[in-house]
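Notes for the one structure printed next.
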Amino acid sequence: MMIPSDHFTKFYNEVFKFLEAKGEKDLRDYWLEISRHQEGHCLELFKTKGLKGMYDYWEHIRIEENCDMTLTLNDDYLKLDMHKCPSLSKVLDNDATPCKRYCDHCEGWIAPLIAKAGYYCVYDLIDREIPKCKMYIYKDKELAQKKRKEIADRS
């Protein structure tokens with residue numbers, strides 16, 4: 001039996017808060033463990049089909065999780081523009097106080113996986129209390145660094 005997503009995200013949030021209280025390392029280790037588990041689902045796809053494989057993976061997630069998200073694929077990068085994150089939205093809709101680092105969980109498991117595939121992940125969290133973010137995945141390290149700087153300069 002599966003846990004409904006409304007309950008799962010609240011559970012996830014409470015696990016994050018528990019681990020955060022124990023220490024930064026415990027929370028990061030948890031996300032790395034999630035990343036290791038995800039390798040079996042998508043690492044080979046990312047390595048063999050590159051940005052197009054990543055696009056296909058997140059397009060499936062977009063549909064399956066009913067995400068209000070736009071995916072943009074071009075020769076240089078894949079951009080995920082999350083207009084309304086279903087995960088954070090459900091935590092907020094459940095009247096739960098989000099873990100301070102709730103929004104870091106995506107990057108916490110995705111970035112290590114993307115790096116293992118030979119790509120560079122750049123997050124633009126925009127605002128931790130608004131369920132909206134952007135993620136860019138680059139093959140070229142210099143383009144990723146340029147995007148990181150652009151985001152940092154805007155802040």
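The values are calculated or read from the model by the stated rules, or taken from the named source; none is laboratory data. Please read these numbers as outputs of a predicted model, since none were measured by experiment. Heads up, the Cβs are rebuilt from the backbone with ideal geometry, glycines too, and the neighbour counts pull from every protein chain shown.
List of remarks:
- In the range 10-23 there is no residue matching the filter, namely being closer than 15 Å to residue 113 by Cβ, of a type in the set (Lys, Arg) and either assigned to a helix (DSSP H, G or I) or touching a helix residue (DSSP H, G or I) at 6+ places or on another chain (Cβ under 9 Å) (or both).
- Index of the failed condition, residue 111 passing every other in (1) of a type in the set (A, V, I, L, M); (2) surrounded by fewer than 18 Cβ atoms within 10 Å (Cβ to Cβ); (3) in a helix (DSSP H, G or I): (2)
- Scanning the range 90-121 for residues that are closer than 28 Å to residue 43 by Cβ and either over 10 Å from the mean Cα position of the chain (by Cα) or not hydrophobic (A, V, I, L, M, F, W, C) (or both) yields a total of 18.
- Output for the range 127-155, where each listed residue is of a type outside the set (D, E, K, R), assigned to a loop (DSSP other than H, G, I, E, B) and either under 13 Å from the mean Cα position of the chain (by Cα) or surrounded by 19 or more Cβ atoms within 10 Å (Cβ to Cβ) (or both): 131
- Close pairs from the range 132-148: first over 18 Å from residue 116 (Cα atoms) and modelled with pLDDT under 95, partner of a type in the set (A, V, I, L, M) and part of a helix (DSSP H, G or I), Cβ under 6 Å, at least 6 apart: none
- Residue count for the range 57-89, restricted to those that are modelled with pLDDT of 90 or more and over 25 Å from residue 43 (Cβ atoms): 3
- Residues of the range 62-79 that turn out to be buried (at least 16 other Cβ atoms within 10 Å of the Cβ) and not basic (Lys, Arg), as a count: 6
- Hey, residue 96 out of contact with any strand residue (DSSP E or B) (no Cβ under 9 Å at 6 or more places or on another chain) and modelled with pLDDT under 90 or not: yes
- Selection count where residues are in contact with a Phe, Trp or Tyr (Cβ under 8 Å, 6 or more places away or on another chain) and in a loop (DSSP other than H, G, I, E, B), scope the range 51-88: 1
- Hey, residue 101 touching a strand residue (DSSP E or B) at 6+ places or on another chain (Cβ under 7 Å), at pLDDT below 95 and either closer than 29 Å to residue 25 by Cα or crowded, with 16+ Cβ neighbours inside 10 Å (or both) or not: no
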